[in-house]
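To start, the structure itself, in structure tokens.
Each value in this text was obtained by applying a stated rule to the coordinates, not by laboratory testing. Model, not experiment: these values are computed from the prediction. When we count neighbours, we look across all protein chains shown, and the Cβ atoms used for this are built from the backbone with ideal geometry, even at glycine.
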Amino acid sequence: MLGLGKNIINTGAAFLIATAVTGSALAEHRYERPATINFQDADFRAAHPFRVFIDINTREGDAALYADKTLKQLSYSLPGTVILVNNPLYADMVIGVTQTSYDLGFRVTDTDQKDKKYKNARSNGADKCGPYQKAYYTKVEEKGEAYAGYNISFDMRGYGADITSINLRSAENFSYGTNLRASTKCGIQPVSAFPNNDVAKIFQRADPAYRDSVAAEIRAEAAHDLGRNLAVQIKGRSEQFYAMLAANLSAPRYTSVYYLQNWGQPAVSYDNGFYDENGVFPRVPRENHGR
């Protein structure tokens, strides 16, 4: 009996010791601080892409086309660790862009008097004054300029929201011909015959339809300018995102499981013509980036 009692006492002591050891090990594991993560590490960033949702609202024109050109330029300008997604619920940052103004104007920047000798096939006159000898015309240089204003809101998870206003200028130069005249044996007189194809093309640009095409180019450039500006701002905020994420994952209460549950949700797919089947805007290759 004494021996049995002794064994019972020893077994209980062993159980208490084992429990204490196990509890100590669990406590040590629970409070162990993970290795510090360098937020500038390329592999770390590649494993945790910064997901951005953007809502673009413009004042005039084809809003969908404007948004598409902006997103294409933005995709081209962003680093590979930043991806554009089509669902704000699963984005690390939500951006709202509202165009507040868009003012387009044209102004003459230069005029130059030109002359060009007629080619033989184009020199025949239609009256008694004989063949055309030399063409004289005015080459007009114009600049189209657009000033676009935007209110932009940034709402990044863990940082809160901030709003900024920007103004961007976009411009295109073009030229056209006017006041075509030709020298003949009767003197210099107005004509409609061009001395060569190059001069004919210059005068074609005097058509109002060409000015409309320049206006469309300027608007497209405005969309590209917006994309480039957004890329700069997103890059800066991505540094904040990675610094915060690295600090969180390095803290005792954060684990890879926590990240997957709270930051790693996949994007939901919508078929709206911009995004792929995974809800991600395709990366635009260098040879087709929209400029």
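How long are the semi-axes of the ellipsoid equivalent to the stretch 144-219, from square roots of 5 times the Cα gyration tensor eigenvalues, in whole Å, largest first?
50, 10, 7
Give me the extension gain from Arg59 to Ala35: residue separation times 0.36 nm, minus the current Cα-Cα distance, reported in nm with one decimal.
3.6 nm
Could you state the number of Å between the C-alpha centres of the stretch 209-250 and the stretch 37-86?
Each part reduced to its Cα centre gives a spacing of 8 Å.
Could you work out how much longer the chain between Ile188 and Lys134 gets when fully extended? Use 0.36 nm per residue separation minus the Cα distance between them, nm to one decimal.
18.5 nm
Can you give me the Rg/Rh ratio for the stretch 109-185, using Cα atoms for both radii and the Kirkwood formula for Rh?
So for the stretch 109-185, dividing Rg by the Kirkwood Rh gives 1.51.
Please get the size of the charge dipole for the stretch 135-255, origin at its Cα centre, with Cβ charges of +1 on Lys and Arg and -1 on Asp and Glu, quoted in debye to the nearest 20.
Roughly 140 debye for the stretch 135-255.
Per residue of the stretch 65-72, in order, report the coupling 6.51 cos²θ - 1.76 cosθ + 1.60 (Karplus, θ = phi - 60°) as ³J(HN,Hα) in whole Hz, putting x for Gly and Pro.
Result, ordered by residue: 5, 4, 5, 5, 5, 5, 5, 5 Hz.
Within the stretch 51-144, list the GluC sites (Glu not before Pro) lying in a DSSP loop whose Cβ has at most 11 other Cβ atoms in a 10 Å radius.
Glu60
What percent does the relative contact order of the stretch 90-147 come to when contacts are Cα pairs within less than 8 Å and at least six residues apart?
46 percent
Run down the lysines and flag those whose C-alpha is under 19 Å from the C-alpha of Lys114, throwing out any fewer than 8 positions away in its chain.
Counting by Cα, and skipping residues close in sequence, Lys114 has these lysines nearby: Lys134, Lys139, Lys201.
Using the Cβ atoms and a cut-off under 13 Å, what net charge is assigned to the surroundings of Tyr90, where Lys and Arg are +1 and Asp and Glu are -1?
Residues near Tyr90 contribute +1 overall.
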